[in-house]
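The structure under discussion appears below in the form of structure tokens.
Values in this text are rule-based calculations from the coordinates and carry no lab data. Since we're looking at a predicted model, the values are computed, not measured. Using ideal geometry, Cβ is built from the backbone for each residue, glycine included, and neighbour counts are taken over all protein chains shown.
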Amino acid sequence: MKHFINLDDLSTKTLNGIIDNAIALKKQHKAGEINETLKNKTLAMIFDKSSTRTRVSFEAGMAQLGGHALFLSDRDIQLGRGEPTTDTAIVIGSMVDIIMMRVSSHETINTFASNNSVPIINALSDESHPCQLLADMMTYKEHKGSIQGRTVAWIGDGNNMCHTYMQAAKAFGFTLNIATPKGYEPNQTFTNNYQDHIVLFNNAKKACQNADLVVTDVWASMGQEDEQAKRAIAFKEFQVDQDLMKHSNSDAVFMHCLPAHRGEEVSADVIDGSQSLVWDEAENRLHAQKSLLLYLLG
């Protein structure tokens, strides 16, 4: 049984194959060609976190491939009323062909994977966000070619997106410079596991030197809203603005997984400027995930 829970669940060859197929699927869709490979297949989408891009991309993706997607909020199913995770996993898995989860606890995803005979996709957890990295790597390849041997600067919080970029650095062969305020570094386990592929900074300008890609995320993720004021002070020197981008390579590009807060982690003239790839990056969630679904369902 194939799952997609962390980026390094799959080999570099497989990841690149998924991305290449995603680019082909995108061209196919733009050309108006019909692809109903997943006809009569059902995807269960389990959410306990709000979503725009994840829900729309997976639901539209299944429809474009001839399948069907079920949106299951924790407010609507018994999992949100205290049913054991194992029981929910067994029951849902017996009725659908594949399960996608956007949930707070990474352990919940692992429990589903351990108690299921269908593929499980991590569409975001407190630990990682591998689907976003498929879209990001696809976007970079479309615009700039191979990312192997390049330098990526992660600016901001050492959060789940940062963790997944650490996994991507190993999988795709790039160097990841991570700039965080003191006290907001990535999880030590991830730092230990990927130490050969990362360099840690507490200075954003130094991290951006020689960077080909600059990436950031919100300063306060979902569930951290009560820390917003505190984090705004801690992260004030970590906004990706035009001055910071000038420390990267002249042809460097910018990405953000969205939603973005202009004037906080990124300035409006960067995210809406010529170096920004965020809109292609967001659209590519659709095609990268279609390719992932096809891979997992064989």
Subtract the Cα-Cα distance of S104 and E283 from 0.36 nm times their separation in residues, and report this length gain in nm to one decimal. 62.0 nm
With θ taken as phi - 60° and the coefficients 6.51, -1.76 and 1.60, list the Karplus ³J(HN,Hα) couplings across the stretch 253-259 in order, rounded to whole Hz; mark glycine and proline as x. 10, 10, 9, 7, 6, 6, x
Provide the FRET efficiency to the nearest 0.05 for the M222-H143 pair, computing r from the beta carbons and using R0 = 25 Å. 0.30
In terms of Cα to Cα distance under 18 Å, which lysines are near enough to K41, apart from those fewer than 8 places away along the same chain? K2, K290
Hey, any idea what Rg/Rh is for the stretch 132-280, computing Rh the Kirkwood way over Cα pairs? 0.93
So what J values fall out for the stretch 283-298 if you push phi through Karplus, 6.51 cos²θ - 1.76 cosθ + 1.60 with θ = phi - 60°, rounded to Hz, Gly and Pro as x? 4, 6, 4, 4, 6, 5, 6, 4, 5, 5, 4, 5, 5, 5, 8, x
Spin-label model distance (nm) - K205 vs A268, 7 Å beyond Cα toward Cβ: 2.6
Distance between modelled label sites at Q78 and K246, nm, 7 Å Cα→Cβ extension: 6.2
Name the aspartates and glutamates eligible as straight-distance cross-link partners of K13: C-alpha to C-alpha under 19 Å, and not fewer than 8 places from it in the same chain. D136, E142
Pairs of alpha-carbon atoms within less than 8 angstrom and 6+ residues apart define the contacts here; what relative contact order does the chain have, in percent? 20
Rounded to the nearest 500, what is the chain's calculated 222 nm mean residue ellipticity when only DSSP H runs of at least 4 contribute -39500 (n - 2.57) each, over all residues? -12000 deg cm²/dmol
Can you give the local net charge around M161? Use residues other than it whose beta-carbon is closer than 11 angstrom to its beta-carbon, Lys and Arg +1, Asp and Glu -1. -4
Sequence-distant aspartates and glutamates (8 or more away, or on other chains) whose Cα lies within less than 18 Å of K236: D157, E185, D217, E225, D226, E227, E264, E265, D269
Highest-fluctuation residue, V56, V253, V214 considered, GNM on the chain with Cα pairs under 10 Å: V56
Please sort 71-83, 281-293 by packing, taking for each peptide the average over its residues of neighbouring beta carbons within 10 angstrom, highest first. 281-293, 71-83
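Pairs K49/K230; K39/K170; K141/K170: which are spaced more than 28 Å apart, C-alpha to C-alpha?
Over 28 Å Cα-Cα: K39/K170.
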Which whole-angstrom value gives the distance between the alpha carbon centres of the stretch 237-261 and the stretch 147-214? 14
Options [x] 21.6, 70; [y] 18.8, 54; [z] 18.3, 60 are given for Rg and Dmax of the Cα atoms in Å, and the computed one is [y]
Simple SL model, points at 7 angstrom along Cα→Cβ for N40 and D196; separation in nm is 4.7
